[in-house]
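Step one of this worksheet: look at the structure below.
Every number here is computed from the coordinates shown, using simple stated rules; none is lab data. Small disclaimer: the values here were computed from a predicted structure and weren't measured. All Cβ positions, glycine included, derive from the backbone under ideal geometry; neighbour counts span all protein chains shown.
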Amino acid sequence: MEKNLLKYMIQEQKVLLEYGNVKGYLEIITDEIARVYIETGSEIIQTGALCDDVFPSGSFEVKEQDGVICISTPKMIIKVRDELKIDFYDTDGNIVCKDFDGKRTQKNRLSELDKALLEQEGHSASEEEEYHYTVIKDLQNIKAFYGLGDKTGYLNKKGYMYEMWNTDNPDPQLENFKALYKSIPFLIALTDTSCYGLYFDTSYHSYFDMGSESDEYYYIAAEAGNIDYYYIAGENISDVITGYTYLTGRMTLPQLFALGYHQSRWSYASKNEVREIADNMRKNRIPCDVIHFDIDYMENYKVFTFDDKRFENADEFIRDLAKDGFKVVTIIDPGVKKEEGYYVYEEGIKNGYFVKNPDGTVYENEVWPGESVFPDFGNEDVRKWWGGLHEKLVNKGVRGIWNDMNEPASFKGPLPDNIVFRNGDRKTSHKEMHNLYGHYMAKATYEGMKKYDKRRPFVITRACFAGSQKYTTAWTGDNHSLWVHLQMAIPQLLNLSMSGMAFVGTDIGGFGSDATAELMARWIQVGCFSPLFRNHSAMGTKYQEPWRFGKEVLDIYRKYVELRYTLIPYFYDLFHECEKTGIPVLRPLILHYSNDKEVVNMNDEFMVGENILVSPVVNQGQTKKLVYLPEGKWYDYFTKELYEGGQYIIKDSPLDTCPIFVKAGSLIPKYPVMQYIGEKVIDTLELDYYPGEKAEYIHYLDDGESFDYLEGKYNCYRISYDGENAVKEYIHKGFERDYKDCIIKNTCTGVVKTL
Ligand code: GLC
């Protein structure tokens, strides 16, 4: 690369730069966000993850001195120096994110003798990977990395290496896995003094080495494309998430029922089985809103069909379930069975909607239905067609769609790089579209459901990309009933949450392998706080419904599902906040306590919003838990004992007890226990008060299912209480079904205040 600056030019929001024959630009998107674009010989391609309404608009000034370009916005300073190295400073002039001075060093894993022997045997002895480009940043001031979407391992990603390449790998997923089903090329770096985010807008196979190769630098590399990333400045993690979700979008509010409990299994393969599950839920008084139909509801795994023997009169059956408060979610995979006369196959073939071999023939691989073909979801016409296929399901009463196998998974080897896909109007290849496949499938599903059902679509996906939160929720795929997977669920969901995906969950109890009674009891204690609250297990594993493990576990299970149902309005308020700011429902402690070094690596505790701290037991045989309480005062949720924060405590945690704490000075809204959302009419707003300093709480209310709230049909209240004086005021009043009463209950004294 040429060393020195040849010229620069300001063009609207861009500062165009030329260093010899290397061209690039910095584009000021907002005062806090800058795009870095450097040509590396590819076509200009953006992934489509960004929101359509992101218009560069930040204010900035440019100066040049001694060949260094200095761009200042009200929130950051960017300096571009020789060799097109870019450093980001805060407005006080402290360096925050610095390009690394120097080159990558060899990995140093092979001795000279190893290398000689390898070469002698005709193998390569090179330790450097061949990447199309590499962006190398200084690691010196970095305490931790978070985000990166759905990765295995721990909360803090520093020291690990990951890849962005959506992968379906059924082996038990351990911390050495480089890639899982989702690719979200976004990281948050917590530095000694502040915080920043980097979003790499590339769908190509990319590599995120977070300091595994070196303790001096970290790097991001990709197999193709131009260097195209967004720097997001922030004083804290929340600011960075808000910036990132400004770029890539936020989800609209979920339907309220989706926050309830979901029961699933691969598979409940007949109406009788489903009916039995539903009846057992009610008989055992386990609140439940949703039952999932896995692949066996279909005829020979043909998507958009129902097996007409095992699911005869599915419409009527789904209507009956609805009378008892159950909603049905059906799985839809992308692989379309190659079968003459099957309408989905025929329509797709006729219109050229499936991805193709370079010679123009339709590409085939194998998935559940055997020989299958794959819709080309990057093409808008295909998405419209696919969305349209959902009309039939909506008419049958299906309330949500579960998208699976959309990496895309394929049983006869991976799709070759050169399979022909479309991205909008452009013809391209699998190499570019692989990581976007699940994203566009979810988009097609969302748009189809929105069109036919009209309500806020409920979509779950396994594979996705940055920005998929606009269309879908996600689950973490095929985990196992292993304690290590219960442990991993916490950092996995927290990092996904920090990567824009706030509505997430793991298969509660574990998908593969057999759950023990103890594991099940502990998993529900974590699961009841995950936004997506679904128990799911694989065919051939031990049945995993709540009543399969004896009375003790059933009672424990009920206790935590009931707890979740009482907290539904709290969760819904958090989703309302998330829609406005991107701040997720589940949060690592570091998000609120960024100066507390105890929580940088906190893997086994999390926050639900700002008020509730959960420190579950995630080890076999453990009945005492070491709990860290950050600054402030904290109430034990069950006993109401008050603890001083800033210390570790040991909590007795017998099998039925999950340590849960509520911040002193909190108001928490609650619902009565219901067997499903809507079973009872809620006309009293009830809040629990945990005494402390004056508590203030924002509560949100709407119809819980339609898009009317976007037209102002909602109420938003500010409630404050200091133990004596209570105030309830409207921030917004637009929803006619208002509460009749409001009561605040002091959880310590039992005193009730009526407003
Ligand atoms: C995949 C999914 C799993 C599902 C199974 C059968 O393994 O990840 O959740 O049950 O396919 O559809």
Requested in this report: Only helical DSSP H runs with n ≥ 4 go in: add -39500 (n - 2.57) per run for the chain, normalise by residue count and round the 222 nm mean residue ellipticity to 500 deg cm²/dmol.
Outcome: -6000 deg cm²/dmol
Query raised in the report: Which FRET efficiency value, to the nearest 0.05, do you get for residue 134 and residue 417 by plugging their Cβ-Cβ distance into 1/(1 + (r/R0)^6) with R0 = 25 Å?
Result: 0.80
Report summary line: For the chain, whose charge dipole is built from +1 on Lys and Arg Cβ atoms and -1 on Asp and Glu Cβ atoms, the candidate among 136, 608, 124 with its Cα farthest towards the positive end is 608
**Report entry** Cβ charges +1 (Lys, Arg) and -1 (Asp, Glu), total dipole of region 7-248, debye
**Finding:** 300
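Evaluated at 10 °C with a viscosity of 1.306 mPa s, what Stokes-Einstein diffusion coefficient in µm²/s does region 7-248 have when Rh comes from the Kirkwood expression over alpha-carbon pairs? Before the final figure, lay out the partial values.
Numbers: Rh = 19.0 Å.
In µm²/s, the coefficient is 84.
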Query - Descending semi-axes in whole angstrom, ellipsoid equivalent of the chain, from the Cα gyration tensor - result: 40, 34, 26
Query - region 7-248, relative contact order [Cα under 8 Å, separation at least 6], % - result: 20
Report summary line: Magnitude of the Cβ-charge dipole (Lys and Arg +1, Asp and Glu -1) of region 256-581 about the Cα centre, nearest 20 debye, reported as 840
**Report entry** Summed side-chain charge close to residue 70 - residues other than residue 70 whose Cβ falls under 12 Å, Lys, Arg +1, Asp, Glu -1
**Finding:** -1
Query - Highest average packing first - 5-15, 119-129, Cβ atoms within 10 Å - result: 5-15, 119-129
Query - Cβ crowding within 10 Å averaged over residues, with 99-106, 631-638, 569-576 ranked highest first - result: 569-576, 631-638, 99-106
Query - Size of electric dipole in the chain: Cβ of Lys, Arg +1 and of Asp, Glu -1, about Cα centre, debye, nearest 20 - result: 1840
Query raised in the report: Quick one: Cα centre-to-centre distance for region 98-124 and region 543-595, in angstrom?
Result: 48
Report summary line: At the level of C-alpha centres, the distance separating region 131-165 and region 189-254, in angstrom, is 9
Query raised in the report: Which peptide among 603-612, 269-278 comes first, and what is the full order, when sorted by highest mean count of other Cβ atoms within 10 Å?
Result: 603-612, 269-278
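Could you give the length gained on full extension between residue 43 and residue 655, defined as 0.36 nm per residue of separation minus the Cα-Cα distance, in nm? Walk me through the numbers on the way to the answer.
Numbers: separation 612, 0.36 × 612 = 220.32 nm, distance 5.77 nm.
That pair, residue 43 and residue 655, stretches by 214.6 nm at full extension.
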Query - Charge dipole of the chain about the Cα centre (unit charges at C-beta), most positive-ward option of 11, 78, 397 - result: 397
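Using the Cα atoms as the points, what is the convex hull volume per residue of region 350-450 in Å³?
Values: hull volume 10.4 nm³, N = 101.
It comes to 103 Å³ per residue, whole-number rounded.
Classify region 256-581 from the C-alpha gyration tensor, please: rounded if a/c falls under 1.5, else prolate or oblate depending on whether a/b exceeds b/c.
Working: a/c = 1.73, a/b = 1.50, b/c = 1.15.
Note, shape of region 256-581 comes out prolate.
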Report task. Evaluate the distance, in nm, between pseudo-label points positioned 7 Å from the Cα of residue 61 and of residue 169 along their respective Cα→Cβ axes. Result -> 5.1
Query - Shape call, region 669-727: gyration tensor on alpha carbons, a/c limit 1.5 - result: oblate
